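Every read-out reported here was derived from the displayed coordinates using simple, explicitly stated rules and does not represent laboratory data. Keep in mind the model is a prediction, meaning the values are calculated, not measured. Backbone-built Cβ (ideal geometry, glycine too); neighbour counts: all protein chains shown.
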Amino acid sequence: MTTRDLTDDLEAAMPLAFTDFDPAATNRRAGLVIVDEVNGFATVGAGALAPPVPNEQVSTMVSETVILARHFTAQGWPILAFQDTHIPGKPEPPYPPHCEAGTGEEELVPELKWLEQDSNTTLVRKDCINGFIGAMRADGSNAVADWVTENGITDLLVVGICTDICVMDFVLTSLSARNHDMMPGLKDIYVYGKGCSTFDLPRETAEQIGYGAAAAHPQEPTHYMGLYFMASRGAQLVNKVVLPA
């Protein structure tokens, strides 16, 4: 069985439902969340967890994110971009060292570097998989919750990497935080499928490099599973974002 066969079986057994998303909808206020589109995850050869060769799913994610970010900032709509950033030498099991501060892996990919100077963008560095947890401050406040409230956001549109890891953790926790009234006014969380990606580690490669078969992470089915679990918890999956002309 190929990974395509496996994905086809998942689609047959657990179909996904997609919708269009219009960030300019009347009486709504959209915010774009970009999860970890940094060199260490999305620039070819940039680190242990970066794609070793060009990857279509990853490159599509970046190009779709650039389109969305350009449109959001042109309309004056808020953007929040996470940057996975770790203290050098402090491990994050089960992953090898990655995105350590000062290495450049923790910086936004070149196509999104302009966000650092964008007045509509809030940058949040996080030291763990879950961006909502990583946004907790020492005083107990949360940078994501404050951003949502201060901008009057009713809808989050989420893109980024990895679909089934950092993106999913953020979305699932944000859904719970919404239901716990930590973000008053937030109504829905949308995940743009083509704006997300994950890494590819076939079983044979995992075994060859000594990680073992259990570390296998085929890209297509794990991306699909991430979308499925987010939708099963209440996120809305998006296959088209309606943008102003």
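Points worth noting:
- Cβ crowding within 10 Å ranks VAL58, VAL242, VAL124, VAL35 as VAL242, VAL124, VAL58, VAL35, fewest other Cβ atoms first.
- Label zone at ASP20 (point 7 Å along Cα-to-Cβ), backbone N below 17 Å, the range 205-245: 237-245
- Sum of -39500 (n - 2.57) over DSSP H runs of 4+, divided by residues of the chain (222 nm, nearest 500): -9500 deg cm²/dmol
- Using a Förster distance of 25 Å, the FRET efficiency for GLN75-ARG137 (Cβ separation, nearest 0.05): 0.30
- Relative packing of 225-233, 47-55, which averages over residues the other C-beta atoms within 10 Å, highest first: 225-233, 47-55
- From the coordinates shown, Cα extents along the principal axes in Å corresponds to which of (1) 53, 44, 36; (2) 54, 41, 38; (3) 62, 41, 33: (1)
- Partners of LYS113 within straight-line reach, counting aspartates and glutamates whose Cα lies under 13 Å from its Cα and excluding those fewer than 8 residues away in the same chain: ASP36, GLU37, GLU105.
- Distant-in-sequence amide H partners of VAL241 (H built 1.01 Å from N, under 5 Å): PHE21
- Charge tally in the Cβ shell below 15 Å around SER119, where Lys, Arg are +1 and Asp, Glu are -1, SER119 excluded: -2
- Given their separation in residues at 0.36 nm each and the Cα-Cα distance between them, GLU204 and TYR95 gain 37.4 nm when the chain is fully extended.
- Partner lysines for LYS126 [C-alpha distance under 16 Å; skip if fewer than 8 residues away on the same chain]: LYS90
- When you restrict to C-alpha pairs under 8 Å that are six or more residues apart and normalise by the size of the chain, the relative contact order lands at 27 percent.
- Pairwise centroid distance, computed over Cα atoms, of the range 1-71 with the range 173-210, Å: 10
- Here the Karplus relation 6.51 cos²θ - 1.76 cosθ + 1.60, evaluated at θ = phi - 60°, turns the backbone of the range 88-93 into coupling constants of x, x, 8, x, 10, x Hz, with x for every Gly and Pro.
- Calculated from backbone phi, Karplus (6.51, -1.76, 1.60) coupling profile of the range 44-61 in Hz, x at Gly/Pro: 3, x, 8, x, 4, 10, 8, x, x, 9, x, 10, 4, 4, 5, 5, 5, 4
- Listed values for the range 140-156 are Karplus-derived 3J(HN,Hα) couplings in whole Hz (6.51 cos²θ - 1.76 cosθ + 1.60, θ = phi - 60°), namely x, 7, 10, 5, 5, 4, 5, 4, 4, 5, 5, 9, x, 6, 9, 9, 9, and x replaces Gly and Pro.
- With contacts taken as Cα pairs under 8 Å and at least 6 residues apart, the range 20-130 reaches a relative contact order of 32 percent.
- The angle between the Cα long axis of helix 168-179 and the longest principal axis of the Cα atoms of the chain comes to about 30 degrees, rounded to the nearest 10.
- Residues whose placed amide H lies under 5 Å from that of TYR192, excluding near-sequence neighbours: VAL158, VAL238
- Reachable aspartates and glutamates from LYS187, criterion Cα separation under 19 angstrom, eight or more residues apart if same chain: ASP20, ASP22, ASP146, GLU150, ASP155, ASP169
- A Förster distance of 25 Å, applied to the separation of the beta-carbon atoms of THR60 and LYS240, puts the FRET efficiency at 0.95.
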